[in-house]
């Protein structure tokens with residue numbers, strides 16, 4: 001083969017693969033850099049070692065599990081040993097890491113302390129708040145919202161200072177542990193439309209709304225008499241009854257009737273009238289058995305502080 005321009009430019013010592021294109025276009029046969037070759041061998045060796053210690057190759061419906069590496073962790077009161085995997089490592093870290101040990105120590109401290117002691121200790125209260133915030137997000141936020149403000153007509157607001165079932169730590173713990181069932185009978189069949197209008201006017205007057213005085217007076221007689229019997233739960237003065245979870249009607253905090261959303265007096269009257277006509281049925285499940293006593297205690301502190309407590 002005759003000498004090409006490439007050979008003349010680089011010297012005759014340069015080797016080529018022996019192929020030529022367009023007469024003078026050739027591929028040099030230079031060796032790979034030594035560092036690159038050793039790096040390639042190192043990656044092959046790393047792959048073999050990795051395969052021996054960690055899950056690696058897919059095989060059918062499973063995978064190779066690393067025959068030379070195992071991990072031991074505790075879960076559900078038992079000790080488990082399995083092939084290395086990230087879930088097992090997480091379970092071990094949740095039990096044995098320095099952060100997990102400190103968390104466990106604080107949980108034991110909170111479990112042994114009374115509510116007064118927890119609320120008076122900034123460290124314990126801060127720990128309870130940080131732990132319970134996650135518990136609240138997982139278990140309570142789907143109904144009450146991440147900020148605890150609930151939704152009028154469906155779920156009570158836990159961030160205000162109005163407590164249907166009481167706002168002491170004992171009351172809140174009972175609510176979480178045992179659950180609550182809110183019930184008010186529907187008066188749509190017991191009272192006529194005019195009577196419903198009168199009761200709605202009286203209920204609005206209790207919280208300072210300006211309504212027709214004559215209509216409110218008729219509503220008061222129904223509210224406090226046998227025809228309505230509303231006073232049995234809400235009291236003669238409308239301030240509510242904690243044992244029944246009956247709302248205080250004299251404040252401007254509305255848990256069911258969408259009064260704040262109505263700009264006009266007619267809309268507010270209709271909102272109250274709808275609740276009286278249809279009644280209330282809602283339930284909060286009991287969390288005992290789902291959450292352990294320490295978790296319920298943490299949530300109690302969180303909800304107590306979220307709403308200002310009593």
As an exercise: evaluate residue 116 against (1) touching a residue at least 12 places away in the same chain (Cβ under 8 Å); (2) out of contact with any helix residue (DSSP H, G or I) (no Cβ under 6 Å at 6 or more places or on another chain); (3) not assigned by TED's automatic domain parsing to the domain that holds residue 273 and give the number of the one condition it does not meet. (1)
Could you say which residue among 147, 161 is touching a helix residue (DSSP H, G or I) at 6+ places or on another chain (Cβ under 9 Å), assigned to a loop (DSSP other than H, G, I, E, B), outside the structural domain of residue 100 (by TED's automatic domain parsing) and farther than 23 Å from residue 281 by Cβ? 147
List the helices (runs of 4 or more DSSP H) inside segment 225-310, counting only whole elements, that have at least 2 residues being under 23 Å from the mean Cα position of the chain (by Cα) and modelled with pLDDT under 95. 293-306
Segment 73-86 - residue that is touching a strand residue (DSSP E or B) at 6+ places or on another chain (Cβ under 9 Å) and loosely packed, with under 12 Cβ neighbours inside 10 Å and, of those, nearest to residue 50 (Cα to Cα): 81
Please determine whether any residue of segment 100-112 is under 30 Å from residue 56 (Cβ atoms) and within 25 Å of the chain's Cα centre (by Cα). yes
Residue identified as surrounded by 10 or more Cβ atoms within 10 Å (Cβ to Cβ), outside the structural domain of residue 100 (by TED's automatic domain parsing) and over 48 Å from the mean Cα position of the chain (by Cα) among 53, 28: 28
Going through segment 181-201 one residue at a time, which ones are in contact (Cβ under 8 Å) with a residue 40 or more places away in the chain and either closer than 19 Å to residue 220 by Cα or surrounded by 17 or more Cβ atoms within 10 Å (Cβ to Cβ) (or both)? 182, 184, 185, 186, 187, 188, 191, 196, 197, 199, 200, 201
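The values are calculated or read from the model by the stated rules, or taken from the named source; none is laboratory data. Source: prediction; values computed, not measured. FYI the Cβ positions are ideal-geometry reconstructions off the backbone, even for glycines, and counts take in every protein chain you see.
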